[in-house]
Amino acid sequence: MAAAEIGIGRRSKLKSNFGDWPFLRKKLGLLLLWPLKSVVLCLIGWHLLLGQLEQEKLATERAALREAETLSRAYAQHLYRALEAVDQITLYVKNGYELTEGNFPLESMGGSGLFTAQAGFYVSIIDAAGNLRTSTIPSASRVNIAQEPYFRAQLDAHDLFYIGTARLGNFSKTPVVPFTRRLEDKNGNFRGIVLVSVAPEYFISGYDKVVLKDTGFIGILSADKVMRLARIGDEVFLPHSDKAAVLHSLPFSASAGSTVLNGKEWFADQRTRFVGWHATSGYKMITVAGIDEETALAPYWADRKESLRQGWWATALLALVTLIAMLVTLHIMWRRHELLVMQSTYRIATEVGNDGFLIAHPVYGTNERIDDFEIIDCNERGANLLRYRREELIGQKISLMYQGVAAERAMRMLCRAMKTRFYEGESEMAALGVENGPKWLHIRISRPNDDLAITLRDISQLKTHVAELERRGNEDALTGLPNRHWLNSYLPRAVDQAAIARRMIALLFIDLDGFKAVNDTMGHSAGDDILRNAAQRLRDATRPHDHVVRIGGDEFLVILERIGHALDAAHVADRILDAFRTEFRITQGTRSIGASIGISLYPINGTDANTLLNNADIAMYSVKTTGKGTYRFFDQQYSEAILQRHRNEAELRHALEYDQFVMYFQPRVDVSTGITSSMEALVRWAHPTRGIVGPNEFIPLAEETGLIISLGEQVIEKVFAQVASWAKQGQELVPVSINVSAKQFRESNVVKTLSACLSRYRIDPALIEIELTESSMIEEGQNVVETLKAIQQMGMKLLVDDFGTGYSSLSQLQRLDFDVIKVDRAFTKDMANSTGGTALITAIITMAHALGMRVVAEGVESIEQIIALKRLRCDEVQGFFISHPLPPSDTQPILPRWFFPSTA
């Protein structure tokens, strides 16, 4: 009661001192750490945020430049096709006029729909004097154009396709772009010109409002960088009109590229644009596409505004959290201060507990040596732990309390503490002669002065608990057998003892046959019954001094230590096999369970525990792979084969982890044109010591181990990266086909992998083809159909690889809608050896063409095969005769055009 009153009074006094300046001044440094950390964190956060925003702006600008260049390239292709169409019209009219010797009325053709004015095309024939002869222009004005540049350019030219500048048409009186070609009589004399006038809108119809909006720009430049035609939004700018789209000649030096042009310097509307340009592949024209900077960066500025707003909110939140943290810290420090004061106040009371305390004084004999110790003070708990009353223990000497070995141990402990000034340890009281007291004591001895302060604590229950935990840790809970933890401790000691005694040890590694089927079909409770019964049968089949261990799952180990010959181990193995021949009776019925046993012998098969255990496991594995239900001793040759396979697998995993695989590319050639039409990506292993390793040496192992999935994903990634690299060179590419194994197709998300690569590398999906073997389609289901459909919807073609070696049907091919069939090389080879081979390939080609598929013949190695395949109307060929697989280079390895012999 008095103590409680003292505590209450003390606590109220402490509370009254909470606002004292000395306490706050002492803790001020710790409190200021919070705002200091917050300021540093805030500065770092704002630096990272602003840096990230700047990077996002640069990324947005780069994306806009790429988009502008892409648009200009697409527009160049559009312009080329448009000019080519106009060119074809001029040639058509020229040939018609010259073949008919001038009897070529265009008015009737305009009426028939061949040349319609509504399409923006006007076709006229002008005679040698510059007068209009015939035209598709209704009510054309009759003017002489002999002095016009597009007429005079043809006077001395031969086969010139003249491209004029946009202007007001002489005959149509509407804005047009004039195109002309010379007309000649059969002697080559000038007879006039063909004039095709095309509305400017026809050439700039490729303006994409979705991308360019109302502020975008497209234009056409001649080879001398003169602007022929331009469009901004819906407004079209002609070269000689009062308004111009650009202020100066655009500064383009290369044939293609992109840049940023300042609006005030280059554009009439003073809007800065991301500009891309690209020269056409013919006709010496340059197309320009410009994306408005303000429009392109609008999403970025919106995101930046939102990010800054969130940044300010985060800063405010950090300030609030800092304030709260300071208050909480102050509160905690105050509570800790209170606790320390209370601990100081009640120190004496808290020292009274379950621990025993003794004070021992050394007793010196002759030569200043300690002969004994005397107990000069103790508490009641200390006396009780030693089975004395306090008044009996005080004054006792160690030599009287203990005798013999117990006295020697006690003296050694106390003398050591006197020498080192500290001792701590545990002691079993039976060893000190205390029979009826606690079994174990924790003893702590310190020497603050000339005497020893001894603290005793009863740890009997703790020791009993630890012993029980050790027993449980070494025992399998299900079967009651020793477990692997026990084995790891016991077996090395047993091997060491056998080495000293020169005895033989046998390890029998036992795996239950058929256990997994019971576990899967009848449930885990039935499996547990089997394991308990198996453990009992193993105990009954072994000798009393042998050890039966459950390693884990359905694996057991028997340790035979007292044997004189390998036959002794064989006899035990036979008894175990006999024990497992009787069916197991469990709750759900009876089941037959066998045993496969591998045996290793010390010292014949190993001189350490791990080697013996591994060799016994290998011996058991050999039984499993050759029939089960018997035993086998360890065989070194079989072990080396297993280890070699493991090494190969590890090496293959290392190659995958360290990116040692490279892609080679084998071209495919179109039989009819001799032009490279596609190429197949083939993986090679760039081994650090063996050089380039072919797929036959690692693909089967990858299939067996499941690593084919990771390898396949790496191949897809590498092919996409290579095609993207080639695309950056501006080269016109052909598709590249990627082989996807049946296992990868069934067990991984191929669609997700392809979609991710398309998003990452931004290449045309038509440049990627997917090759699948017939085995991928054996189990045709909804998942297979949906996966194939998803791949095709992405824009990729599907190819059946090694056709004819699997089990696909014609109806299956028709349902799955493949694009290309690749005939296996075995059929190509048989063409020269039998008429049956030719008939089979003929049937495949006919069937494929009927289903709308192209056919590729693989393994072509001679010109005779190509001639035969061409005669059979095979579409493409691939093989060593065409080209060996080629390593990657800076550009796609397109082969020179082949000229195959005629089949006539």
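The values are calculated or read from the model by the stated rules, or taken from the named source; none is laboratory data. It should be emphasised that the depicted structure is a prediction, and the values quoted were computed from it without experimental measurement. Every residue, glycine among them, receives a Cβ derived from its backbone with ideal geometry; neighbour counts consider all protein chains shown. Surface areas here come from the heavy atoms of the whole protein model, side chains and all, with no ligands, DNA or RNA. Shrake-Rupley method; radii C 1.70, N 1.55, O 1.52, S 1.80 Å.
Applied to region 155-164, the Karplus parametrisation 6.51 cos²θ - 1.76 cosθ + 1.60 on θ = phi - 60° returns per-residue 3J(HN,Hα) values of 4, 10, 8, 10, 6, 9, 9, 8, 10, x Hz, with x for Gly and Pro. Computed from the C-beta positions of VAL405 and SER446, the FRET efficiency with R₀ = 25 Å rounds to 0.45. Think of a 1.4 Å ball rolled over the protein heavy atoms: the chain then has 53 Å² of accessible area per residue. Across SER889, SER255, SER307, SER222, the residue with the most accessible area heads the list, and the full order at a 1.4 Å probe is SER255, SER889, SER307, SER222. With the simple model of a label 7 Å out from the Cα in the direction of the Cβ, THR100 to ARG309 spans 7.0 nm.
Taking the Cα atoms only, what angle lies between the long axis of helix 524-541 and the longest principal axis of the chain, rounded to 10 degrees? Between the helix axis and the principal axis of the chain, the angle is about 50 degrees.
The alpha-carbon of LYS628 sits under 18 angstrom from the alpha-carbons of these lysines, leaving out residues fewer than 8 places away in its chain: LYS516. What residues qualify as long-range amide H neighbours of LEU229, i.e. H under 5 Å apart, gap of 5 or more or another chain, H built at 1.01 Å from N? The list, which skips near neighbours in sequence, is ILE220. Solvent-accessible area of ASP635, all protein chains in place: 80 Å² (probe radius 1.4 Å, heavy atoms, ligands and nucleic acids excluded). In sequence order, region 311-328 has phi-based couplings of x, 5, 5, 5, 5, 4, 5, 4, 4, 5, 4, 4, 4, 4, 4, 5, 5, 5 Hz under the Karplus curve 6.51 cos²θ - 1.76 cosθ + 1.60, θ = phi - 60°, and Gly or Pro positions carry x. Computed in the context of the full set of protein chains, the accessible area of the chain at 1.4 Å probe radius has 53% of its extent on carbon or sulfur. Which entry in (1) 47.0, 150; (2) 35.8, 111; (3) 36.5, 127 is this structure's computed Rg and Dmax of the Cα atoms in Å? Only one listed value fits the structure, namely (1).
One Cα centroid belongs to region 444-495, the other to region 192-249; the line between them spans 92 Å. Ranked from largest to smallest solvent-accessible area, with a 1.4 Å probe on the protein heavy atoms, TYR364, TYR202 come out as TYR364, TYR202. In the assembled protein chains, GLU201 presents an accessible area of approximately 100 Å² (probe radius 1.4 Å). Return the subset of LYS797/LYS870; LYS173/LYS209; LYS264/LYS284; LYS752/LYS797 for which the Cα-Cα distance in this structure is over 26 Å, preserving the input order. Table pairs above 26 Å Cα-Cα are LYS173/LYS209; LYS264/LYS284. Estimated from helices alone, the mean residue ellipticity of the chain at 222 nm is -14500 deg cm²/dmol (sum of -39500 (n - 2.57) over DSSP H runs with n ≥ 4, per residue). Summary of packing: across the peptides 417-423, 844-850, 290-296, the per-residue average of other C-beta atoms within 10 Å ranks them, highest first, as 290-296, 844-850, 417-423. Given R₀ = 56 Å, what would the calculated FRET efficiency be for ARG647 paired with ASP377, taking r from the Cβ atoms and rounding to 0.05? For ARG647 and ASP377, the calculated efficiency is 0.20.
Extension gain, TYR364 to THR165, is 59.1 nm, computed as 0.36 nm per intervening residue step minus the present C-alpha separation.
Pull up the DSSP beta bridges for the chain and report the antiparallel fraction as a percent, rounded to 5.
Percentage antiparallel, nearest 5: 80.
Qualifying chymotrypsin sites (Phe, Trp or Tyr not before Pro) in region 626-672, where qualification requires a DSSP coil assignment and no more than 11 other C-beta atoms within 10 Å, comprise TYR658.
Under 5 Å between amide hydrogens, built in the peptide plane, is the criterion, and for TRP440 it picks out MET429, ILE459, SER460 among residues at least 5 positions away or on other chains.
CYS378: net charge of surrounding residues, Cβ under 11 Å, Lys/Arg +1, Asp/Glu -1, itself excluded? Present the calculation step by step, with values, prior to reporting the outcome.
Details: positive: ARG381, ARG389, ARG390; negative: ASP377, GLU380, GLU391, GLU392.
Here the charged neighbours net out to -1.
Remark: accessible surface ordering of LYS94, LYS27 (largest first) is LYS27, LYS94, probe radius 1.4 Å. 3J(HN,Hα) couplings calculated from phi for region 758-765 with the Karplus curve 6.51 cos²θ - 1.76 cosθ + 1.60 (θ = phi - 60°) are, in sequence order, 4, 5, 6, 9, 6, 9, 5, x Hz; Gly and Pro show x. Computed over region 558-625, relative contact order equals 23 percent, with contacts defined as Cα pairs under 8 Å that lie 6+ residues apart. Counting heavy atoms of the protein chains alone, GLU392 has an accessible area of about 80 Å² for a 1.4 Å probe. For a straight C-alpha distance cut-off of 23 angstrom, the lysines reachable from LYS26 (same-chain residues fewer than eight places away being disregarded) are LYS13, LYS15, LYS37.
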